[in-house]
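The values are calculated or read from the model by the stated rules, or taken from the named source; none is laboratory data. The shown structure was predicted, so the numbers you read here are calculated from the model rather than taken from an experiment. Here the Cβ positions follow ideal geometry from the backbone for every residue, glycine too, while neighbour counts run over all protein chains shown. Side chains are part of the model used for accessible areas, which takes the heavy atoms of the whole protein and leaves out ligands, DNA and RNA. Shrake-Rupley method; radii C 1.70, N 1.55, O 1.52, S 1.80 Å.
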Amino acid sequence: MYRYDEQDRQIMQERVAQFADQTQRYLAGELSEAEFRALRLMNGLYFQRFAPMYRIAIPYGMLSSGQLRMLAHIAHSYDRGYGHFSTRQNIQFNWCKTEDIPKIFGLLASVEMHSVQTSGNCIRNTTTDPLAGVAPDELEDPRPYCEFIRQWSMFHPEFAYLPRKFKIAVSAATQDRAAVQVHDIGIYLVQNAAGETGFQIWVGGGLGRTPILATRIRDFLEKPHLLSYLEAIVRVYNQHGRRDDTNRARIKILVRDLGAEKFAELVEAEWVKIRDGVLKLEDSDLQRMQTYFTTPEYDAGAAADSRFAAQLESDKAFARWVRYNVVDHKQPGYKAVYISLKAPGIPPGDATHEQMQALADLADRYSFGEVRSTHDQNLVLADVQQKDLFELWQALEEKQLATANIGSLTDMICCPGLDFCGLANAGSIDVAEKLNERFDDMDYLYDLGELRLKMSGCMNGCGHHSVGHIGILGVEKKGQEWYQITLGGNASNDASLGDRIGPAFDKAHVVDAIENIVKVYVDNRESEEERFLDTYRRIGMEPFKARVYAQEEAA
Amino acid sequence: MTLPLSKRVIRDRQIVEDPWLHLADEDALPESGDITVSLERWQSDNDALKAYAGHVGLRLDSDTDVEETGLAINDIPLIVLDFPIIDTNKRGYHPVGKGYSQAYLLRTRLGFKGEIRARGPAVMRDVLFYMSRCGINSFEMDESKDINDALKAFNEMTVAYQPSADSMQPAFMRRRNTAA
Ligand code: SF4
């Protein structure tokens, strides 16, 4: 993974000192609440419902074991013992004290981490495929480009006060595991007719109040131009994006209002003026960056192992975990392992400091000391030998980290909702818990197959409800918590936005409604292979609507 | 139209007395002295301004496309950019960041060599460094802000990750040299 050099270290140290000074001036009353707001947000510090929330960047989801240990230490010493992994591959702490933040920031810097631009109207952490570098369906490792983007966007003097937040995602695999099309800029690595690898550029995706999928504005961009092209897009956005209404300030609205074609014209016109300027990357730059992401020293004989096959035969629970949580690897004899942070009774995405410590140790023992975070709020050990899987599974079991539910209904994405977030209309964690109780029959759950449930506590859509196969959105009606349900959303290659089923449900009925929706699917699917999403796309909304509201009336 | 005398600004990282008077559109031209006017006045009152004895600077609002003013920009001694704060949807303090791109374009694309000044409520110590990277070299802050303290802003960051309108060499270019 990327390691800081002298320059990275210096820039971070300077930032830490700067933020410590800003915080101190705020606490001393020299900076007003309002003035400090933009400054603290740009360092990931929110003032929330009960306590400040501190969001730490995990650049494109990569964590070393040492970094994870530091997060565990922060959870233990400065929070209430746990952290929450977000849908942007970041981690947030909900109970830190404002005056401790500069110190925590310093601790982060000591392990080459930071919280810069994890909030505010600036370019946020770039995200990517959690299987980057190991996925069999990958064209090329996307992480070197993510790191270029990290550096270019960080402390960018021109783009610190954009109309609104700005998110970039990169994917290099056939299957999009980074939800590229719901980002302000989405990048797919692709090959052109000549067999060269470059970038396909999408813009204007975003969730929230007005969910919109991104539009492709460039089929192929040569590698040296990555940064100049991004700069052109963001400059056009900074100049033309709306600022009069927060709900219309994202680039998606600009692209929609201008039309993607016109927007693309503006970008190209800007880009030709800078494409051969200082931002142009040289081959040597690209090569230097790639040296940070070389393949680890795999054991060439790993595939010769026969223990794994025997263990699969003999242990059903292990086999089940492997089936759901373990995926193929490009290196024979190796697997990538999803660590589910969706155990029943625990808020989705939460991990305790003990779990983080344990995972760091397991990463050292089994996976070259690296861990990744995923956009659906789980973790990944990306380089595990198949012969070690059984032992790893047992160790994970001990820490409640082996819930075999990846991709299933209980592997839901869920924002913090009313429990923590100042903007929330309704609780999401408690609904998640009820869903877990309702769908506690694992066999039934497995029978349902891939079913992506996503839930947000308000229109802002941090829980990506619009692109859930089933989406749940918390709304407020007369001071009560209500839930709107959408069906048919999807965040992968064939991305789509969910359709609303009808009137919202109150807390007492939302879980029943989900259960009924699931029953309609089970009754109507053509085969066990047909996923919920595919059934919905085939049969449409009516059968779901009929069942769900019939039940309502009878009740 | 009286102006606090001895108004002070930061120019080229030093605190200096400010000679400029910002003339509102309805204000009559003074007898003498350096003034700034809005783009509208610049265009509508062009003859009078040409004949004016003192220097005339130009104030641009943040919506102006600096590449499209049609002016001989390099004959202008001072361009003042506006940095407002808006309270969008009552969600609070929202500094408008268009001026950063305006400054960058003035310096790099239009080759503007004169003074570029940042003015408006968003101008404060903690943004001066980014502003200066974008090519702004003078700063007019609200009286309530500590101008001496603001000078510290320029020394807080000594490394840059990306090129802008200043002379800081970005990290990726520096690495080319060290690796060779
Ligand atoms: S979706 Fe709404 S409630 Fe949930 S975290 Fe985002 S802003 Fe808060």
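Below is a table of values for the structure above.
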{"item": "Verdict on A:Ala360 being away from the ligand (no atom under 16 Å from the Cβ) and out of contact with any Pro (no Cβ under 6 Å at 6 or more places or on another chain)", "result": "yes"}
{"item": "Matching entry among B:Asp34, B:Asp75, B:Asp12 (being open to solvent by 20 Å² or more (accessible area, probe 1.4 Å), among the acidic types (Asp, Glu), modelled with pLDDT under 95 and out of contact with any helix residue (DSSP H, G or I) (no Cβ under 8 Å at 6 or more places or on another chain))", "result": "B:Asp75"}
{"item": "Qualifying residue in segment B:125-132 (condition: farther than 19 Å from A:Met42 by Cβ and under 13 Å from the mean Cα position of the chain (by Cα))", "result": "no"}
{"item": "Residue count for segment A:394-424, restricted to those that are part of a helix (DSSP H, G or I), open to solvent by 20 Å² or more (accessible area, probe 1.4 Å) and more than 16 Å from the ligand (Cβ to nearest atom)", "result": "4"}
{"item": "Pairs where the first residue, in segment A:413-441, is within 14 Å of chain B (Cβ to nearest Cβ) and the second is within 8 Å of the ligand (Cβ to nearest atom) and modelled with pLDDT of 90 or more, C-beta under 7 Å, 6+ apart", "result": "A:Leu423/A:Cys458; A:Leu423/A:Asn460"}
{"item": "Number of positions in segment A:158-178 that are within 11 Å of chain B (Cβ to nearest Cβ), of a type outside the set (D, E, K, R) and open to solvent by less than 10 Å² (accessible area, probe 1.4 Å)", "result": "4"}
{"item": "Within segment A:425-448, tally of residues that are surrounded by 16 or more Cβ atoms within 10 Å (Cβ to Cβ) and either within 16 Å of the ligand (Cβ to nearest atom) or of a type in the set (Asp, Glu) (or both)", "result": "8"}
{"item": "Matching residues, segment A:536-551, being part of a helix (DSSP H, G or I), closer than 16 Å to A:Ile470 by Cβ and among the aliphatic types (A, V, I, L, M)", "result": "A:Ile539, A:Val548"}
{"item": "Test for B:Val123: is it at the interface with another protein chain (Cβ under 7 Å from one of its Cβ atoms), of a type in the set (Val, Ile, Thr) and in contact with a helix residue (DSSP H, G or I) (Cβ under 8 Å, 6 or more places away or on another chain)", "result": "no"}
{"item": "Residue match in segment A:109-120 (condition: in a helix (DSSP H, G or I) and either closer than 16 Å to A:Ile11 by Cβ or within 14 Å of chain B (Cβ to nearest Cβ) (or both))", "result": "yes"}
{"item": "Qualifying residue in segment B:128-141 (condition: more than 9 Å from chain A (Cβ to nearest Cβ) and more than 18 Å from B:Phe83 (Cα to Cα))", "result": "no"}
{"item": "Spans of strands (runs of 3 or more DSSP E) in segment B:38-118 with at least 2 residues under 21 Å from B:Leu23 (Cβ atoms)", "result": "B:56-60, B:78-82"}
{"item": "Odd one out for B:Asp82, checked against (1) facing chain A (nearest Cβ under 10 Å); (2) closer than 17 Å to A:Glu158 by Cβ; (3) charged (D, E, K, R); (4) touching a strand residue (DSSP E or B) at 6+ places or on another chain (Cβ under 8 Å)", "result": "(1)"}
{"item": "Any hit, segment A:506-529, residues being within 13 Å of the ligand (Cβ to nearest atom), more than 24 Å from A:Ile212 (Cα to Cα) and either in a strand (DSSP E or B) or open to solvent by less than 20 Å² (accessible area, probe 1.4 Å) (or both)", "result": "no"}
